[in-house]
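One structure is given below, encoded as structure tokens.
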Amino acid sequence: MFQKLVNHNKDIKQLVDKGYAATFDSNYLVVRDIPYLDSNRELQMGAIISKLDFVDQNHVKQTDHQVFFAGSVPYGLDAKPISNLGGGQATLALSEACEDVVVQRSFSNKPKKAGKFEDFFDKIESYVRIISGPAMELHEATPYTFRVVSDITSDTVFKFQDTLTSRAEITDLSEKLKNDIVAVIGAGGTGAYVLDFLMKTPMQEIRIFDLDPFHIHNAFRSPGHIQDTEFGKPKSEVYMSRYQNFRNGIKAIPKYIDISCSEEIKDVTFAFVCVDKGTSRSGIFDLLVSQSIPFIDVGMGLNRKHGPISGMARMTYYSAERAQEVRDMNMAPLTDSEEDVYKTNIQIAELNALNACLAVIKFKQVRGFYHEENSIYHSIFGIQDLRIISETEHD
């Protein structure tokens, strides 16, 4: 990946050609072998790290004047901390391939004349003059080591660079999701939005289970671009096709899931149950509980007794340890209802999306991506008052 950047970006190539030990990791430019002086004017080596903002797959641009630094406070020839660096203590999670680069602080030094750096070459050169200048003068050290650092590929799932993660500095949190193999059982309205949200996470694999054909009414509860060639195809195949240009690790399984499908869910680490038939839900629960797979079930209960539609959207979490206990509480309907507005009303995409949001947020709480004060396993959103009522394990 880094060699592609070198070939397509003049400023990155200038850094390499001048001898900087530059590489790429977790959507950051990492420049090792940066000499500097410590408080005793002894020679130390650090690294400069800068965010990469991808314009497309092959081109990056310089967008700010800040950098991260792996090293202690740099000192000048006068044995005083170098002034005008700004910033402060900071940490940054990089991949295991950069475990030798331990970020300790950030620097913020804006060019006085231009007010901004022209490109990455200009930026790195400026910081090296400030940080390394004293060490280069006193110890004749050089940052131009021409050391070749092995190319690092940080994203093996996405077909585009995940610059959102690096821009938000949440690489360490995203790492918590990368080993998951998730099953989405039911790709109707809510399931489709669950899929849309999960496709943007770096999880290893997403399996889509749904045999039902994609019809016109599904289009009104479906995220993304609709093509008339999708109608009549199994929903699982429709959604796999939509996201194949975005990421790898998608499997379409056009099949109804029940207790007999243990092979189809082999190695699954988490599941989302997004079906509207109680009897189908019951068989799926039997399978997931028997295989000790944690899962989240979603559903809606809508009615139209006095004009406008009212009702609720539900999210229930079944951990591997408490799945049977929660199931016995009858939080989710396991039989079929004759009167169900949900099955005929097609103008509820916003409720599907909200229901999916509740489920995916809970999943990310379970994985430690989002903070959770209380261990919530059941939440109900009321449409009429926009309130969420939740139950915790300690209630």
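List pairs: first in the range 47-62 and on the phi < 0 side of the Ramachandran plot, second of a type in the set (Lys, Arg) and surrounded by fewer than 16 Cβ atoms within 10 Å (Cβ to Cβ), Cβ under 7 Å, 6+ apart or cross-chain?
Filtered contacts from the range 47-62: Lys51/Arg167; Asp53/Lys61; Val55/Lys61; Asn58/Lys4.
Can you name the condition, by its number, that Arg41 falls short on among (1) surrounded by fewer than 18 Cβ atoms within 10 Å (Cβ to Cβ); (2) out of contact with any strand residue (DSSP E or B) (no Cβ under 8 Å at 6 or more places or on another chain)?
(2)
When you scan the range 214-236, do you find a residue that is in contact (Cβ under 8 Å) with a residue 12 or more places away in the chain, buried (at least 18 other Cβ atoms within 10 Å of the Cβ) and closer than 18 Å to Ile296 by Cβ, even just one?
Looking through the range 214-236, none of the residues is in contact (Cβ under 8 Å) with a residue 12 or more places away in the chain, buried (at least 18 other Cβ atoms within 10 Å of the Cβ) and closer than 18 Å to Ile296 by Cβ.
In the range 44-71, what count of residues is obtained for those that are surrounded by fewer than 15 Cβ atoms within 10 Å (Cβ to Cβ) and either touching a Phe, Trp or Tyr at 6+ places or on another chain (Cβ under 9 Å) or not assigned by TED's automatic domain parsing to the domain that holds Gln89 (or both)?
Adding up the residues that qualify gives 4.
Looking at Gly278, Gly249, which one is touching a Pro at 6+ places or on another chain (Cβ under 6 Å) and surrounded by fewer than 20 Cβ atoms within 10 Å (Cβ to Cβ)?
It is Gly278.
Out of Ile12, Ile34, report the one residue that is among the hydrophobic types (A, V, I, L, M, F, W, C) and at pLDDT 95 or above.
None of the others qualify; the one that does is Ile34.
It is to be established whether one or more residues within the range 117-131 are exposed (fewer than 12 other Cβ atoms within 10 Å of the Cβ), more than 32 Å from the chain's Cα centre (by Cα), part of a helix (DSSP H, G or I) and modelled with pLDDT of 95 or more.
yes
Please enumerate the residues belonging to the range 263-275 that are within 22 Å of Phe363 (Cα to Cα), out of contact with any Asp or Glu (no Cβ under 7 Å at 6 or more places or on another chain) and not hydrophobic (A, V, I, L, M, F, W, C).
Scanning the range 263-275 gives Glu264, Lys266, Asp267.
For the structure I just gave you, tell me whether Arg147 is assigned to a loop (DSSP other than H, G, I, E, B), closer than 18 Å to Tyr20 by Cα and in the same structural domain as Ala21 (by TED's automatic domain parsing).
yes
If you go through the range 287-317, how many residues are in contact with an Asp or Glu (Cβ under 9 Å, 6 or more places away or on another chain), surrounded by fewer than 15 Cβ atoms within 10 Å (Cβ to Cβ) and not in a loop (DSSP other than H, G, I, E, B)?
The total comes to 1.
What are the pairs, 6+ residues apart or on separate chains, where a residue within the range 112-139 that is more than 20 Å from Leu43 (Cβ to Cβ) and in contact (Cβ under 8 Å) with a residue 12 or more places away in the chain has its Cβ under 7 Å from a residue that is acidic (Asp, Glu) and assigned to a helix (DSSP H, G or I)?
Asp119/Asp11; Phe120/Asp11; Phe121/Asp11
Could you list, in sequence order, all residues of the range 82-93 that are over 10 Å from Phe68 (Cα atoms) and surrounded by 12 or more Cβ atoms within 10 Å (Cβ to Cβ)?
Matches in the range 82-93: Ile82, Leu85, Gly86, Ala93.
What is the residue count in the range 72-112 for residues that are more than 13 Å from Ile48 (Cβ to Cβ) and part of a helix (DSSP H, G or I)?
2
Could you figure out which of (1) in a helix (DSSP H, G or I); (2) in contact with a strand residue (DSSP E or B) (Cβ under 6 Å, 6 or more places away or on another chain); (3) closer than 21 Å to Lys255 by Cβ isn't true of Phe272?
Status for Phe272: all satisfied but (1).
Please go through the range 150-187 and pick out each residue that is modelled with pLDDT of 90 or more, surrounded by 16 or more Cβ atoms within 10 Å (Cβ to Cβ) and part of a loop (DSSP other than H, G, I, E, B).
Passing the criteria: Asp180, Gly186, Ala187.
Give the number of residues within the range 237-246 that are crowded, with 20+ Cβ neighbours inside 10 Å and part of a loop (DSSP other than H, G, I, E, B).
0
The values are calculated or read from the model by the stated rules, or taken from the named source; none is laboratory data. Predicted model only: the values in this text are computed from it and were never measured. All Cβ positions, even for glycine, are placed from backbone atoms using ideal geometry, and neighbour counts span all protein chains on display.
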